[in-house]
Amino acid sequence: MIYKLDEIARFQKGFAFKSKDFVKCGTKIVKVSNLTNESIDSNSCVHIDNKLAKNYVQYELMEDDIIITTVGSWPTNPASVVGKVVKVPSNMKFSLLNQNSVRIRANDLVNQKYLYYLLKSNSFKEYIVGTAQGSANQASITQKDIKNFKYNIPNLNEQKAIAKVLSDLDEKIETNNKINKTLEEMAQAI
């Protein structure tokens with residue numbers, strides 16, 4: 001059945017945290033600049049005091065939450081492209097989402113992992129770049145643009161099966177990348 005994202009997920013824009021509140025340690029703030037191609041670089045995050053963070057629980061991230069950037073570059077600069085989609089890893093649970101991005105959580109009609117792979121698809125990338133506005137240097141999309149994406153969503157059992165296959169492939173790729181890195185380091189040492 002064809003659904004808009006707005007019908008199958010809940011959305012939360014990030015908050016504009018103030019730099020005057022940043023401290024050396026505490027609750028991590030996830031900025032657009034902390035996002036890698038697939039995840040979050042936790043080492044580059046800034047922090048706010050844990051007591052202050054309790055005032056911002058609606059911006060809290062949980063494992064497997066999906067983040068989409070709403071400000072960035074055009075596709076010619078893929079490292080910072082608008083509409084970048086990443087999944088929150090377990091080590092970033094309870095961190096807080098900064099501005100210029102949106103957190104997405106699936107509702108009961110869709111599997112969270114399936115939703116992640118759907119939003120990583122070329123059809124979503126093409127759609128979202130097609131909705132982008134801006135200058136030659138910077139593009140932006142709205143939460144409304146994201147919510148209006150339509151897709152034919154299979155039943156939950158099919159979603160889970162698709163997500164399992166894709167997740168297993170991602171794990172194998174990650175394992176192979178780690179092996180390659182280790183082999184490269186060994187070759188350099190020799």
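Some notes on this structure:
- Per-residue ellipticity at 222 nm computed for the chain from its helices equals -10500 deg cm²/dmol, with DSSP H segments shorter than 4 residues left out and the rest contributing -39,500 (n - 2.57).
- Positive-end residue, the chain charge dipole about Cα centroid, Cβ charges, pick of 127, 157, 102: 102
- Solvent-accessible area assigned to carbon and sulfur over region 129-170 amounts to 51 percent, based on a 1.4 Å probe.
- Rounded percent of accessible protein surface that carbon and sulfur make up, region 24-75, 1.4 Å probe: 49
- Number of Lys-Lys pairs in region 28-118 with C-alpha atoms under 19 Å apart and a separation of 8 or more places or on different chains: 13.
- Total charge dipole magnitude, the chain, about the Cα centre, Cβ charges on Lys, Arg, Asp, Glu only, Debye to nearest 20: 580
- Rounded accessible area per residue of region 1-86, 1.4 Å, Å²: 55
The values are calculated or read from the model by the stated rules, or taken from the named source; none is laboratory data. Please read these numbers as outputs of a predicted model, since none were measured by experiment. Please note: Cβ atoms are built from the backbone with ideal geometry, for glycine as well, and neighbour counts cover all protein chains shown. Surface areas here come from the heavy atoms of the whole protein model, side chains and all, with no ligands, DNA or RNA. Shrake-Rupley method; radii C 1.70, N 1.55, O 1.52, S 1.80 Å.
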